[in-house]
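The values are calculated or read from the model by the stated rules, or taken from the named source; none is laboratory data. Here the structure is a predicted model, which means the values were calculated and not measured. So basically every Cβ, Gly included, is an ideal-geometry build from the backbone, and we count neighbours across all protein chains shown.
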Number of protein chains: 2
Amino acid sequence: MAVVTKISPLAPKAFPDLPVIKGVRFATAAAGVRYQGRTDVMLAVADAGSSVAGVFTKSATRAAPVLDCQDKIGKSSDAGVAILVNSGNANAFTGKFGRASVEAITSAVANSKNMPVERVFTSSTGVIGEPLPHDRVIAVIDELNRNLSENALKDAARAIMTTDTYAKGASAVVETPAGPVNIAGIAKGSGMIAPDMATMLVYIFTDAKIEQSVLQHMISSITAQTFNCITVDSDTSTSDTLLAVATGASGIAIAEADKEFSDALNSVMLELAHLVVRDGEGASKFVEINVSGAANDADAKTHAMAIANSPLIKTAIAGEDPNWGRVVMAIGKSGAAADRDSLSILFGDILVAKEGWVADDYREEDGANYMKNDHIVLNVDVGIGDGESTVWTCDLTHGYIEINADYRS
Amino acid sequence: MAVVTKISPLAPKAFPDLPVIKGVRFATAAAGVRYQGRTDVMLAVADAGSSVAGVFTKSATRAAPVLDCQDKIGKSSDAGVAILVNSGNANAFTGKFGRASVEAITSAVANSKNMPVERVFTSSTGVIGEPLPHDRVIAVIDELNRNLSENALKDAARAIMTTDTYAKGASAVVETPAGPVNIAGIAKGSGMIAPDMATMLVYIFTDAKIEQSVLQHMISSITAQTFNCITVDSDTSTSDTLLAVATGASGIAIAEADKEFSDALNSVMLELAHLVVRDGEGASKFVEINVSGAANDADAKTHAMAIANSPLIKTAIAGEDPNWGRVVMAIGKSGAAADRDSLSILFGDILVAKEGWVADDYREEDGANYMKNDHIVLNVDVGIGDGESTVWTCDLTHGYIEINADYRS
């Protein structure tokens, strides 16, 4: 197996200080699922009365843990919530063994906490097509239960890493008239990409009191603007999972209409999504793509994703080449409405092309200088309507080829 | 500009001997549009009575020459046909100047041959966003007319090359009760990819006598099974053009129902399509993807293209890694119907996965050995219906990154 130890050049300087989320505790352990010498299992346990919501991959070949989570989400219960995640093995494409492993683990956790199995959720990330050695996971459950701590969310972020080059966390505090509520989340993934190890997993916790249906609605709509607006290489994992738990331990209730809380949750989810892109396999540049002036928002997103997923644009950015022609190409191929002679393209603030032609005062040196930045913004105005969309991606470099052409050998 | 001189390892040993197509003559010239020391313009002139049909890119940002060809195709005329193609400049995203260049060139050719301008077709391939120096092209028209020859189709294949590493030609002879008819074609392109220089251009000539509407129907339906079933990197050129000319000089009429001729035309178009894939930027392996057992043929093609365009599968093939898990991932994300536990995957004849699980007698060494071939066949049975599709692609290597991350600098 190729060992990639270099930390992404786009990584943040340090893991952030995350606030304690009252009502939920965490523990990690080294179960030896696949990796040696590191933690590879995390357990989160939230108090009775917590609500839990989830968003999952739409893949038609979803892994067993995802199917199990989907079955359980949305059922009302006053019991606590447990989430157990292992890295090293994705328990994906493992046939009937896959479901058996999920049942074995969730039952063991449920028994250990005297909790209904319907409140125990699992995720697995790592190699696929190999049976999950779930006995190794079950063997550490007692240890996990003994070590549960309010302060171990950072450790949890480390335990779920696979090809990630750094642990990912984000948080927000919302001041309400009744006092502060806290949100903290962790994620792993190097894109919405491999079924092997780059699966995106996200766990968000808040001490706000939120009804399940309200929490579900919030994370579903925010996911559409955050995690579903990032792409590394257009490939979608069979295991992508986001779970959100509201413990209510702050005693402060949040209603659907609470814009301040919703904005804070959005900021946490967006930051985690950006952290995933910044750890995109081989990434050397973080790229924001803003499309405006499309026929409608859906068309704008189609254009933006066509740009974000174009290998020719991603390689041009890697090569620091202000190749606006490839942007025209991507708009043209996307399938959404466009008019060549109405397009405007800006690299950052630099107007490159306008109305079907290179802009009058555009100088190639300006474009080339701009492309040396490690945060690139492409602004495209389609010029035919009011539709808007923003997506985020990274460039396509030799590093991506190295990581993925040599993964299992 | 990065100069890529290495010939693709998948190139055929030599350019084939192409038969003379009676009724059409060719010439090439060095106009210095952009390149020095090589030919960069080709002219084909077919006799009066020829029919001409075309298939074009569906890009919403098509280049001026494509729009002009589309305007002219299908109009009935007894006049001859001229096709002028330049390399070095694509005349794409050149605003109103683009159309002016097309008009200038087509008018000059029409005048020189005393031919209606509606019968003069042009294509341009090369850099985009720079005005085409059409005066340089017009300056060589007399020279081209003087040098027209039945034997210069191979020279034409060379004149239209851009990032191609070899010239591409294919032919077929159809024996009919009335005697033989000939088909010969040339192509350029390193994929359906860049708007810069990798545009796919295809020109096919036959001495059969075929009504325009019949010829159009034949090339449209065959394109769906050939050129529209190849992909290098999922990016679509703004200039892709296929023109077919039937001179009728053999005196032998071909009707729509002539399966033998249609099969021969199919073989020429398929061979040209494969030659384009074999010259895919950075390609080290030629990949055939057969999907069967899908809900319908359209779903089968959706699955096949999802596999063919997956960066993770293309890099796995480059790394000679029999990573069937990535095939499961691509089927899952394609959006077409699938059932994880009904999938079968074969690498060549090696059954790798069956019914949601690695096949009983699959040995990783067998898969790894198979992947060392430079012609890889992936067979996927979705297991839920009768839909079938075959597509062709190449792998994704460091060569692709080198060519495209450094193209204009």
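Figures for the structure shown
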read-out	value
Leading residue by the ranking (surrounded by the fewest Cβ atoms within 10 Å (Cβ to Cβ)) among those in segment B:180-206 that are at pLDDT 95 or above and over 16 Å from B:Phe227 (Cβ atoms)	B:Pro180
Residue ID - nearest to B:Ser342 (Cα to Cα), chosen from residues in segment B:381-400 that are assigned to a strand (DSSP E or B) and within 18 Å of the chain's Cα centre (by Cα)	B:Thr390
Answer from A:Ile105, A:Ile83 - the residue that is of a type outside the set (Lys, Arg) and in contact (Cβ under 8 Å) with a residue 40 or more places away in the chain	A:Ile83
Subset of segment A:107-123 that is β-branched (Val, Ile, Thr) and buried (at least 23 other Cβ atoms within 10 Å of the Cβ) - its residue that is nearest to the other protein chains (Cβ to nearest Cβ)	A:Thr122
Meets criteria (touching a helix residue (DSSP H, G or I) at 6+ places or on another chain (Cβ under 8 Å), closer than 30 Å to A:Gly248 by Cα and charged (D, E, K, R)) for A:Lys22	no
In segment A:292-319, residue surrounded by the fewest Cβ atoms within 10 Å (Cβ to Cβ) [restricted to those that are modelled with pLDDT of 95 or more and not in a helix (DSSP H, G or I)]	A:Asn296
Members of segment B:379-401 found to be of a type in the set (A, V, I, L, M) and within 30 Å of A:Ala316 (Cα to Cα), listed by number	B:Val391, B:Leu396, B:Ile401
Qualifying residue in segment B:366-380 (condition: assigned to a strand (DSSP E or B), over 22 Å from A:Gly98 (Cα atoms) and either without any contact (Cβ under 8 Å) to a residue 12 or more places away in the chain or polar (S, T, N, Q) (or both))	yes
Close pairs from segment A:334-353: first in the same structural domain as A:Val382 (by TED's automatic domain parsing), partner in a strand (DSSP E or B) and among the hydroxyl-bearing types (Ser, Thr, Tyr), Cβ under 8 Å, at least 6 apart	A:Leu351/A:Ser344; A:Ala353/A:Ser344
Answer residue from segment B:336-365, given it is of a type in the set (Gly, Ala, Ser), part of a loop (DSSP other than H, G, I, E, B) and facing another protein chain (nearest Cβ under 9 Å) and is farthest from B:Gly293 (Cα to Cα) among those	B:Gly356
Residue that is nearest to the other protein chains (Cβ to nearest Cβ), among those in segment B:279-319 that are of a type in the set (S, T, N, Q) and within 20 Å of B:Leu343 (Cα to Cα)	B:Ser310
Qualifying residue in segment A:77-95 (condition: modelled with pLDDT of 95 or more, over 22 Å from the mean Cα position of the chain (by Cα) and either farther than 21 Å from A:Met200 by Cβ or not small (Gly, Ala, Ser) (or both))	yes
Given (1) within 13 Å of chain B (Cβ to nearest Cβ); (2) touching a Cys at 6+ places or on another chain (Cβ under 8 Å), number of the condition A:Gly126 does not satisfy	(2)
Failed item, numbered, when B:Trp392 is tested on (1) surrounded by fewer than 22 Cβ atoms within 10 Å (Cβ to Cβ); (2) away from every other protein chain (no Cβ under 12 Å)	(1)
Only one of B:Arg34, B:Arg25, B:Arg38 that is surrounded by fewer than 24 Cβ atoms within 10 Å (Cβ to Cβ), away from chain A (no Cβ under 14 Å) and not in a loop (DSSP other than H, G, I, E, B)	B:Arg25
Considering residues of segment A:320-335 that are more than 7 Å from every other protein chain (Cβ to nearest Cβ) and surrounded by fewer than 24 Cβ atoms within 10 Å (Cβ to Cβ) only, the residue modelled with the highest pLDDT	A:Glu320
Any hit, segment A:47-58, residues being surrounded by 18 or more Cβ atoms within 10 Å (Cβ to Cβ), among the polar types (S, T, N, Q) and modelled with pLDDT under 95	yes
Single match in A:Asn309, A:Asn323 (criterion: among the polar types (S, T, N, Q), touching a residue at least 12 places away in the same chain (Cβ under 8 Å) and more than 12 Å from B:Thr61 (Cβ to Cβ))	A:Asn309
Matching option when the condition is in the same structural domain as B:Gly80 (by TED's automatic domain parsing), in a loop (DSSP other than H, G, I, E, B), without any contact (Cβ under 8 Å) to a residue 12 or more places away in the chain and more than 30 Å from B:Ile313 (Cα to Cα), among B:Ala249, B:Ala257	B:Ala257
Boolean, B:Thr122 is without any contact (Cβ under 8 Å) to a residue 40 or more places away in the chain, touching a Pro at 6+ places or on another chain (Cβ under 6 Å) and not aromatic (Phe, Trp, Tyr)	no
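Listed here are the residues, each with its yes/no results for (1) among the acidic types (Asp, Glu); (2) farther than 30 Å from A:Ala64 by Cβ; (3) under 18 Å from the mean Cα position of the chain (by Cα).
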| residue | (1), (2), (3) |
| --- | --- |
| A:Ala224 | no, no, yes |
| A:Asn228 | no, no, yes |
| A:Gly251 | no, yes, no |
| A:Glu256 | yes, yes, no |
